[in-house]
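Peer 1: Below is the structure I would like to discuss, written out as structure tokens.
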Amino acid sequence: SLLVNRSLTTLDLHSNSIGPQGAKALADALKINRTLAFRSLQSNAIRDDGARALAEALAANRTLSVLHLQSNAVGPVGTQWIADALKQNRSLKKLIFSSNSIGDGGAKALAEALKVNQGLKSLDLQSNSISDTGVAALMAALCTNQTLLSLNLRENSISPDGAQDLARALCTNSTLKSLDLTANLLHDQGAQAIAVAVRENRALTSLHLQWNFIQAGAAKALGQALQLNTSLTSLDLQENAIGDEGASAVAIALKANTTLTALYLQVASVGALGAQALGEALAVNRTLEILDLRGNAIGVAGAKALANALKVNSSLRRLNLQENSLGMDGAICVATALSGNHGLQHISLQGNHIGESGARMISEAIKTNAPSCTVEM
């Protein structure tokens, strides 16, 4: 069908069992087809042989722009074939290659491709057993590549040594906008190196550092970076034990920073002191739109501090205080503060032991004070 069809632009075959032979049949058609722009072959066990067939097609195809190949048991050999094709291909913009087994060998092959490829804008390498060696190669490529906008390295094995290579690349690269390093092994040392690079970098807009064993030291370094950085709009530090000290350091930065619009601090060991610092920051900050504090322990004192900030803040659009031991008193403080806030669109107060009577009181207060705000309880 694809050999003769001239109208189909999207083909999604994910989670089937096409295997290497099925991948080859589809790849042969792709060499001739001139309309297909999106193809998903996720979870099809195409393995290295299937990747080789697709690589041959990519070398010839000029229309496919998005290719999903995640969870296909592709190893370094298959990755090498894909990488070689990317050296010739100019149409592919997005490659999802997560949850394979490319390892450092595959990462090196893709790095060589990135040095010459001028089309790829998004590369997803999540869960691929890439360690510092592979990251070093990828970062060397980023020092010359000028087209990649998004790089996903979640759930690999990047240590503080690999973070040094990441930092050097961020100081040189001027095009990458999104970097996801969630669930690696950066620790404070690695995150501090990246923070120093964020001071200089002027391109990155989104940085994910969730679940990296980061503590207050790195949070302080990131806070200092935010006072100088003018490009980052989203920072994710969730599931790192930065505590009140780290949260306060980021809060101080928010008083000066004018670009960050989203801050994720869920499950970050933030208590009342951290919430009070964030409240003081929100009272003067005019750009932050999303603040996620779920799964912390800010308590009634923290809730009161944030409530006072809400009375004067006009930029915040979404606030998540789920599971923060607010109790009825803390939740009511937040709800009544909404009468002075006309910007908040969504707030979550779930899991705070508010009780039925408290929920009724809060509902009435919000209906009266902020009818346009959606509240989850």
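Peer 1: When you look at GLU356, is it out of contact with any helix residue (DSSP H, G or I) (no Cβ under 7 Å at 6 or more places or on another chain), under 19 Å from ALA272 (Cβ atoms) and open to solvent by 40 Å² or more (accessible area, probe 1.4 Å), yes or no?
Peer 2: It is false that GLU356 is out of contact with any helix residue (DSSP H, G or I) (no Cβ under 7 Å at 6 or more places or on another chain), under 19 Å from ALA272 (Cβ atoms) and open to solvent by 40 Å² or more (accessible area, probe 1.4 Å).
Peer 1: Do we find a residue being open to solvent by less than 10 Å² (accessible area, probe 1.4 Å) and in a helix (DSSP H, G or I) anywhere in region 196-205?
Peer 2: Yes.
Peer 1: Report, by residue number, each residue of region 102-131 that is closer than 16 Å to THR175 by Cα and assigned to a loop (DSSP other than H, G, I, E, B).
Peer 2: ASN117, GLN118, GLY119, LEU120, LYS121
Peer 1: To continue, here is another question. Scanning for something open to solvent by 10 Å² or more (accessible area, probe 1.4 Å), part of a strand (DSSP E or B) and of a type in the set (A, V, I, L, M), does region 320-338 turn up at least one residue?
Peer 2: No: region 320-338 contains no residue that is open to solvent by 10 Å² or more (accessible area, probe 1.4 Å), part of a strand (DSSP E or B) and of a type in the set (A, V, I, L, M).
Peer 1: Does THR133 satisfy the criteria of being at pLDDT 95 or above, β-branched (Val, Ile, Thr), touching a helix residue (DSSP H, G or I) at 6+ places or on another chain (Cβ under 7 Å) and open to solvent by 10 Å² or more (accessible area, probe 1.4 Å)?
Peer 2: In short, yes.
Peer 1: Which of the residues belonging to region 359-376 are open to solvent by 20 Å² or more (accessible area, probe 1.4 Å) and in contact with a strand residue (DSSP E or B) (Cβ under 8 Å, 6 or more places away or on another chain)?
Peer 2: Residues satisfying the conditions are SER363, THR374, VAL375, GLU376.
Peer 1: Residue under question is LEU310, and the condition is that it be aliphatic (A, V, I, L, M) and under 26 Å from the mean Cα position of the chain (by Cα); does it hold?
Peer 2: no
Peer 1: Looking at region 56-75, which of its residues are within 12 Å of LYS24 (Cβ to Cβ) and under 28 Å from the mean Cα position of the chain (by Cα)?
Peer 2: none
Peer 1: Wholly within region 1-93, which strands (runs of 3 or more DSSP E) include no fewer than the required count, namely at least 2 residues that are surrounded by 18 or more Cβ atoms within 10 Å (Cβ to Cβ)?
Peer 2: In region 1-93, 38-40, 66-68 are the strands (runs of 3 or more DSSP E) which contain 2 or more residues that are surrounded by 18 or more Cβ atoms within 10 Å (Cβ to Cβ).
Peer 1: May I ask you to verify whether LEU222 is open to solvent by less than 10 Å² (accessible area, probe 1.4 Å) and not in a helix (DSSP H, G or I)?
Peer 2: Spelling it out, it is not the case that LEU222 is open to solvent by less than 10 Å² (accessible area, probe 1.4 Å) and not in a helix (DSSP H, G or I).
Peer 1: On to the next question. Any residue in region 283-296 that is over 25 Å from ASN201 (Cα atoms), of a type in the set (Lys, Arg) and in a loop (DSSP other than H, G, I, E, B)?
Peer 2: Among the residues of region 283-296, at least one is over 25 Å from ASN201 (Cα atoms), of a type in the set (Lys, Arg) and in a loop (DSSP other than H, G, I, E, B), which makes the answer yes.
The values are calculated or read from the model by the stated rules, or taken from the named source; none is laboratory data. All figures in this text were calculated on a predicted structure; none of them were measured in a lab. In this analysis, Cβ positions are derived from the backbone assuming ideal geometry, glycine residues included, and neighbour counts consider all displayed protein chains. Heads up: the accessible areas ignore ligands, DNA and RNA and are worked out on the full protein's heavy atoms, side chains in. Shrake-Rupley method; radii C 1.70, N 1.55, O 1.52, S 1.80 Å.
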